[in-house]
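S.K.: Here it is, the structure in full.
The values are calculated or read from the model by the stated rules, or taken from the named source; none is laboratory data. These numbers were taken from a predicted model, which means no experiment stands behind them. Cβ coordinates were reconstructed from backbone atoms using ideal geometry, including for glycine residues, and neighbour counts include every protein chain displayed.
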Amino acid sequence: MTSTLLLVAHGSRDPRHAATVAALVARVRAARPGLEVATAYLDHCAPRIPQVVGRLDDAVAVPLLLGRAYHAKHDIPAALRSAGCALPVADVLGPSPLLLAALDRRLAETDPALRGAAERARTGVVLAAAGSSDPTADAATRAVAAQWRRTRGWAAVEVAYASAAGPRVPEALAALRAAGAERTAVSPYLLAPGRLPDRIAGAAAGADLLAPVLGAAPELAALLLRRYDEARATAGALAA
């Protein structure tokens with residue numbers, strides 16, 4: 001029997017967040033017809049985890065989170081415990097080559113010339129993340145930036161944060177120009193529109209290009225299914 005993929009999202013007061021989650025769920029269902037997909041939120045939106053898990057006989061919780069920070073390490077396990085269930089929990093989305101492909105897609109939507117190596121070689125990119133007080137999460141974001149530059153041939157990739165510790169987007173843009181980038185772009189390393197993406201957009205006025213958030217990219221749908229399959233395989237091996 002195939003279990004349910006329980007997509008666990010953070011939630012936001014901004015209605016664009018829930019709309020993005022719904023669009024992503026639709027992509028997951030289209031990619032794997034017949035798979036049951038349910039959604040639960042940690043905060044701000046309904047339904048919450050306790051409202052959903054009680055009606056699921058067999059499920060895998062898949063966090064809609066880019067990195068292993070506080071929500072992944074503490075909030076999701078605590079919510080599952082409070083609901084009295086012990087579902088397998090898949091790994092977070094990042095790091096993954098599929099995320100790099102989604103970042104590529106969003107930047108190329110702003111300028112198709114960025115699909116070419118020559119244009120990437122003269123363009124510096126700010127990878128603008130939410131930010132975290134967890135140093136492990138910040139180190140993981142910097143590793144993503146380094147891999148993105150190394151594998152795609154950008155002139156440079158600098159990390160900036162919308163909250164918590166700096167640097168902020170304007171500082172990262174200045175660092176790109178100091179490194180010799182002829183053009184600059186800001187790429188939000190965020191899943192859905194909301195307060196932090198809006199803050200990044202406001203700070204990106206000095207950039208030549210601003211990509212949209214990752215959103216309901218097909219690469220994210222594929223990655224959610226991959227994490228689900230990995231968790232199912234691990235749970236099956238442990239039960240054997």
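S.K.: I want to confirm something. Restricting to segment 85-99 and keeping residues that are touching a residue at least 12 places away in the same chain (Cβ under 8 Å) and over 13 Å from the mean Cα position of the chain (by Cα), which single residue is nearest to ALA216 (Cα to Cα)?
M.R.: Among residues in segment 85-99 that are touching a residue at least 12 places away in the same chain (Cβ under 8 Å) and over 13 Å from the mean Cα position of the chain (by Cα), the one nearest to ALA216 (Cα to Cα) is ALA90.
S.K.: Are any of the residues in segment 136-157 outside the structural domain of ALA72 (by TED's automatic domain parsing), touching a helix residue (DSSP H, G or I) at 6+ places or on another chain (Cβ under 8 Å) and farther than 17 Å from VAL126 by Cβ?
M.R.: Yes, segment 136-157 contains a residue that is outside the structural domain of ALA72 (by TED's automatic domain parsing), touching a helix residue (DSSP H, G or I) at 6+ places or on another chain (Cβ under 8 Å) and farther than 17 Å from VAL126 by Cβ.
S.K.: So is ALA72 on the phi < 0 side of the Ramachandran plot and assigned by TED's automatic domain parsing to the domain that holds THR151 or not?
M.R.: no
S.K.: For segment 166-184, name all the residues that are of a type in the set (A, V, I, L, M, F, W, C) and over 19 Å from the mean Cα position of the chain (by Cα).
M.R.: Selection gives ALA172, LEU173, ALA174, ALA175, LEU176, ALA178, ALA179, ALA181.
S.K.: May I ask you to list pairs of residues, at least six apart or on different chains, whose Cβ atoms are under 7 Å apart, with the first in segment 163-188 being of a type in the set (Val, Ile, Thr) and the second being modelled with pLDDT of 95 or more and part of a helix (DSSP H, G or I)?
M.R.: Qualifying pairs under 7 Å: VAL169/ILE200; VAL169/ALA203; THR184/LEU173; THR184/LEU176; THR184/ARG177; VAL186/VAL169; VAL186/ILE200.
S.K.: Give the residues of segment 161-192 that are of a type in the set (Gly, Ala, Ser) and part of a loop (DSSP other than H, G, I, E, B), sorted by residue number.
M.R.: ALA162, SER163, ALA164, ALA165, GLY166, ALA179, GLY180, ALA181, ALA192, listed by residue number.
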